[in-house]
Every structure is written in structure tokens, then in C-alpha cells.
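Scroll down for the structure; my scribbles are underneath it.
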Amino acid sequence: VQLQASGGGLVQAGGSLRLSCAAFGYMFGNYPMGWFRQAPAKEREFVAAISRSGGSTHYADSVKGRFTISRANTKNTAYLEMSSLKPEDTAVYYCAMTTSVRYGLGYDEDYKYWGQGTLVTVSS
């Protein structure tokens with residue numbers, strides 16, 4: 001199993017970015033996916049999660065209404081569309097795969113495989 005996150009970069013506050021997570025080595029459509037982030041000197045935190053089919057999504061309160069998680073099972077890729085970005089969204093963003101039915105609760109210990117992370121920097 002391999003997950004490759006991409007799409008991070010530098011953006012001004014109020015701007016948008018789309019992160020991608022390409023999956024390799026397993027049946028992508030069979031497992032939920034999640035996005036987490038870790039800001040400097042802070043613990044990793046849950047951002048969003050999506051069911052196998054994409055029909056169910058879950059978000060942290062801090063990003064609800066601004067971020068959208070989606071997936072394209074035919075492309076083995078998950079996405080995180082981020083808009084109205086704030087400086088406090090600055091972090092390394094990680095995608096992850098889980099086999100757990102608790103995927104929407106955002107416990108990182110439930111996620112078995114992780115991508116390498118992509119840095120998002122939001123300037124004020």
C-alpha cells in the first residue's frame with residue numbers, strides 16, 4: 001500500500017488549494033479515506049473523512065463549510081478541496097487509509113496507512 005499526497009503550496013489568506021492523494025497497491029474503493037494535518041509544534045489532528053463510496057463525509061468543526069473531501073474511485077485518488085483558507089490552516093496535510101468502521105470519528109490510531117504529507121502554508 002502506498003499513498004502519495006500532493007498539491008500543497010503557499011497561498012494567501014482567503015485563497016484556495018486542492019490536495020490530491022493517489023493510492024497504489026490495494027483496492028482503493030474498498031476502504032474509507034481521511035485527511036489529517038499537523039501544524040508546527042502541535043499534535044496531528046483530524047480534518048475530514050470519506051466513506052468507501054464517497055456518499056458519507058465527516059469534517060472537523062474547524063474546517064466545516066470551507067473544506068470538501070471527495071474521491072474518484074476510478075482514479076484511485078482522494079481529494080481535499082480547501083477554500084477560505086486561514087493562516088491557522090498552515091500545516092503538513094496527510095492522507096490516510098483505514099479499514100475501521102469508525103473512520104468518521106477521526107481517531108488517527110484507526111488509520112493504518114499514511115501518505116508522506118504535503119505542506120500548506122497560508123500567509124496573512
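The values are calculated or read from the model by the stated rules, or taken from the named source; none is laboratory data. From a predicted model like this one, the values you see are computed outputs, not experimental measurements. All Cβ positions, glycine included, derive from the backbone under ideal geometry; neighbour counts span all protein chains shown. Surface accessibility is based on the protein's heavy atoms, side chains included, excluding ligands, DNA and RNA. Shrake-Rupley method; radii C 1.70, N 1.55, O 1.52, S 1.80 Å.
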Karplus (6.51, -1.76, 1.60) ³J(HN,Hα), θ = phi - 60°, over region 3-17, in Hz, Gly and Pro reported as x: 10, 10, 8, 8, x, x, x, 9, 9, 7, 3, x, x, 10, 8
Give the residue list of GluC sites (Glu not before Pro) in region 1-89 that are DSSP loop and have at most 16 other beta-carbon atoms within 10 angstrom. E43
Taking only protein heavy atoms and a 1.4 Å probe, what accessible area per residue, in Å², does the chain have with all protein chains in place? 51
The ³J(HN,Hα) series, computed from each phi in region 26-35 with the Karplus coefficients 6.51, -1.76 and 1.60 at θ = phi - 60°, rounded to the nearest Hz and given as x for glycine or proline, is 7, 7, 3, x, 8, 9, x, 10, x, 10
Please state the relative contact order of the chain as a whole percent: Cα pairs under 8 Å, 6+ residues apart? 36
Taking protein heavy atoms only, a 1.4 Å probe, and rounding to whole percent, the accessible area of the chain owed to carbon and sulfur comes out at 47
